[in-house]
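S.K.: Just dropping this structure here.
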Amino acid sequence: MSHKIGVIPGDGIGHEVIPEALKVVRAAGVELDTVDYDLGGGRYLRDGVVLDDETVEEWRRLDALLLGAVGTPDVPPGVIERGLLLKMRFDLDLYVNHRPFLAPDGSHDFVVIRENTEGTYAGEGGFLRKGTPHEIATQGSVNTRFGVERCVRYAFELARSRPKKHLTLVHKTNVLTFAGDLWERAFHEVAAEYPDVETAYNHVDAACIYFVESPQRYDVIVTDNLFGDILTDLGGAVSGGIGFASSGNLNPDRTGPSMFEPVHGSAPDIAGQGKANPVAAILSAAMMLDFLGEADAAARIRKACADTATLTGSTTEIGDLVVARL
């Protein structure tokens, strides 16, 4: 069976790591019918295009999207982030950000489930008297029962499928008493449907400490958009480095394609030098295969990437090494 995949190399090292991910997927025996899309900072600087509605509608006919990295130093902050990445999440309803973290020595293995379409990233806010001494800026956090509950329910289902069967809610309920209250109530009400899953709660500042001091305490974590954004970068740092961090932006209801991407960014300082580590892109592609029902190929790819200490060399050399291990 062939899967139709939209491929967005993007900017910088995205053009180097994505070909390696595709090479590994095909070497694992999975047929891909790929459609390339020129999007990112480079495209914006050339012709002012970020992401149009026609492209989004075209994506709805695909099985999945594989993204490399987007962003260039010449593009103002927010243009690509909001116009491309967030538009993808909102328009395709990619409401779960699924981020696995496995230590190279096996000392911890946990997953962060981040709500991906609400919170402070929903865009509520604005300026009053901008550019004056009396300027005011507001940035609201949007939290709906619908949005929170579907993310929490996904996290409980995931926790139930894992050996530890443990789920931790991370928030800041002692200060964010409205949003935190909604998250906490939804969490406990859904928990009643999953008596086999043990639960816990951490304030986000405490979770940052535990990520560093004792990450093995965690199994599955569920949290809001902003806290999840911060915690997952820290998770990458304590799990071998951001160059190994994969992610899936998921539409679990499958009303549109899900999008998979490494989270290391476009790294313009090393772009074009063959120094980029493609493992995060390869593991993101493995997540994509899991979502597409190609579990055997995904497992073999993860196994080929497991001994990260020996995955050294240029970008293409590492890709070749993973292929050889398959």
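Any read-out appearing in this document is the output of simple, stated calculations on the displayed coordinates, not a laboratory observation. Treat the numbers as computed from the prediction; the structure is a model and nothing was measured. All Cβ positions, glycine included, derive from the backbone under ideal geometry; neighbour counts span all protein chains shown.
S.K.: Between Asp253 and Val35, what length comes free when the chain is fully extended (0.36 nm per residue of separation minus the Cα-Cα distance, one decimal in nm)? Kindly include the intermediate steps, with their values, before the conclusion.
M.R.: Details: separation 218, 0.36 × 218 = 78.48 nm, distance 2.31 nm.
Extra length available between Asp253 and Val35 comes to 76.2 nm.
S.K.: Given points 7 Å out from each Cα along the Cα-Cβ axis, report the Arg82 to Ala103 separation in nanometres with one decimal.
M.R.: The answer from the label model is 4.0 nm.
S.K.: Here's another thing I want to ask about it. Express in nm, to one decimal, how much length is gained between Lys303 and Glu317 on full extension, taking 0.36 nm for each residue of separation and deducting their alpha carbon distance.
M.R.: 3.3 nm
S.K.: Now for a separate question. To the nearest 0.05, what FRET efficiency results for Ala191 and Lys164 with a Förster distance of 22 Å applied to their C-beta separation? Intermediate values should be presented prior to the final figure.
M.R.: Working: r = 15 Å, r/R0 = 0.70.
It comes out at approximately 0.90.
S.K.: Given a 10 angstrom Cα cut-off, can you work out which residue in Leu182, Leu22, Leu283 is the most mobile in a GNM of the chain?
M.R.: The residue with the greatest mean-square fluctuation here is Leu182.
S.K.: Here's something else I'd like to know. Using 0.36 nm times the number of residues separating Arg217 and Ala137, minus their current alpha carbon distance, what extension gain do you get?
M.R.: 24.9 nm
S.K.: Can you bin the stretch 1-41 into rounded, prolate or oblate? Criterion: square roots of the alpha carbon gyration tensor eigenvalues sorted a ≥ b ≥ c, rounded for a/c under 1.5, prolate for a/b above b/c, oblate for the rest.
M.R.: Verdict is oblate for the stretch 1-41.
S.K.: Would you please calculate the Kirkwood hydrodynamic radius of the chain over all C-alpha pairs and express it in Å, rounded to one decimal?
M.R.: That comes to 20.4 Å for the chain.
S.K.: Report the antiparallel proportion of the DSSP beta bridges in the chain as a percent, rounded to a multiple of 5.
M.R.: 40
S.K.: Using Cα-Cα distances under 8 Å and only pairs 6 or more residues apart, what relative contact order does the chain have, in percent?
M.R.: 25
S.K.: Using Cα-Cα distances under 8 Å and only pairs 6 or more residues apart, what relative contact order does the stretch 118-238 have, in percent?
M.R.: 29
S.K.: Given just the C-alpha atoms of the stretch 237-297, how large is their convex hull per residue in cubic angstrom?
M.R.: 106
S.K.: Report the equivalent ellipsoid semi-axes for the stretch 118-238 in whole Å, largest first, defined as the square roots of five times the eigenvalues of the gyration tensor built from alpha carbon atoms.
M.R.: Each semi-axis is √(5λ); the values are 30, 18, 11 Å.
S.K.: Run the helix sum for the chain: -39,500 (n - 2.57) per DSSP H stretch of 4+ residues, divided by residue count, reported at 222 nm to the nearest 500 deg cm²/dmol.
M.R.: The helix-only estimate for the chain comes to -11000 deg cm²/dmol at 222 nm.
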